[in-house]
1. Give or take rounding to whole Å, what are the principal axis extents of the alpha carbon atoms in the chain, in descending order?
2. For the chain, what is the mean residue ellipticity at 222 nm derived from helices alone (per DSSP H run of n ≥ 4: -39500 (n - 2.57); sum divided by total residues; nearest 500 deg cm²/dmol)?
3. I need the trypsin sites (Lys or Arg not before Pro) found in the stretch 1-107, filtered to DSSP loop residues with at most 16 other beta carbons within 10 Å of theirs.
4. What FRET efficiency comes out for the pair T18/D91, r = Cβ-Cβ distance, R0 = 22 Å, nearest 0.05?
5. Select from the stretch 18-118 those GluC sites (Glu not before Pro) which occupy a DSSP coil region and have at most 15 other Cβ atoms within 10 Å, ordered by residue number.
6. How far is the Cα center of the stretch 246-288 from the Cα center of the stretch 102-123, in Å?
7. Computed over the Cα atoms of the stretch 38-92, what is the convex hull's projected area averaged over all directions, in nm²?
8. Determine the percent antiparallel among the DSSP beta bridges restricted to the chain, to the nearest 5.
Amino acid sequence: MSETENKFEVLCESVLKTVNEGAFSHGTLLECEDEEQSLRLARLIANALVCTGKNKPCGECAACRKAMGNNHPDICETDGRTKKSDAFTVDSVREIRGNAFIVPNEANVKVYILKNGQNMNEQAQNAILKILEEPPSYVYFIILTSQKSKMLETVLSRVSVYSLAVSNQNITDEEKECVRELTAAILSPNELKLMEHTSKYIKNNRLAGKILELFSTVCRDALVQKSGFSGDFLFPQEVSALCGSLTAKSLMRLVEVCNDLGLSVKRNINNNLLTVRMCYELKRAIGR
Ligand SMILES: [Zn+2]
């Protein structure tokens, strides 16, 4: 199995767990270069959401059978194209929005799989944002995109992001060293280490953003390793160290914290404050 395949399996497992716990977010963004793969995952999630069985998707109930045949009336798949345009137009988004307020036909939920999110222009994204802010309680949106960077930050702040993108280009020696140091600081019993390390970013917002992104990948890889898979990881030693010392729950929380802090960096939040928050949130994620 390739690394992406491994990641995909792990991702499916953890996403289905949140669906079964009833904790799945009403807005989700799946980032993946392979359109087919992200669609496969989106359909699996949609199937689990409409399933009436116990271990979702059970594969046996009437809803599952319809979903597997791609003809469940409450699962809507669209790339927003019109006769006039290949883009995901604002008109398409408005139509979806109007449709979303009509109650489901058969299931207790309605799931919208929006393909090619990268083809939504700003206007279309702002239109989807309106409903992401206050979706009807039964509605779930799963947006697929090949590039998260094409999405507005306001949209990103309203969705749970799952990424299958591998970012191994352009990592400088300084950045590599920072990832090593941060890992060591997080695992160190000496609390000052983390404070010392995060102070590095006080005058360097760009570096903070990059390290948070890289460290989030390292934690995700550690989760992959924890599930018994091996892979061609970017930081194999750090992955092993984190995997051996932290629980899956802590690793998941670290991924979330890195994503949240990364957004704050992009919003140019006061740098001193950010560094303090970084130190506090990372510690909290691992239960200190
Ligand atoms: Zn079922």
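Read-outs: derived from the displayed coordinates by stated rules, not from any lab. Keep in mind the model is a prediction, meaning the values are calculated, not measured. When we count neighbours, we look across all protein chains shown, and the Cβ atoms used for this are built from the backbone with ideal geometry, even at glycine.
1. 57, 40, 31
2. Values: 12 runs with 157 residues, N = 288.
So the calculated ellipticity at 222 nm is -17500 deg cm²/dmol.
3. Numbers: sites: K7, K17, R40, R43, K54, R65, K66, R81, K83, K84, R94, R97; in loops: K54, R81, K83, K84.
Here the sparse-neighbourhood loop sites are K54, R81, K83, K84.
4. Details: r = 32 Å, r/R0 = 1.48.
Efficiency at R0 = 22 Å is approximately 0.10.
5. E21, E33, E60, E106
6. 30 Å
7. 4.5 nm²
8. 0 percent
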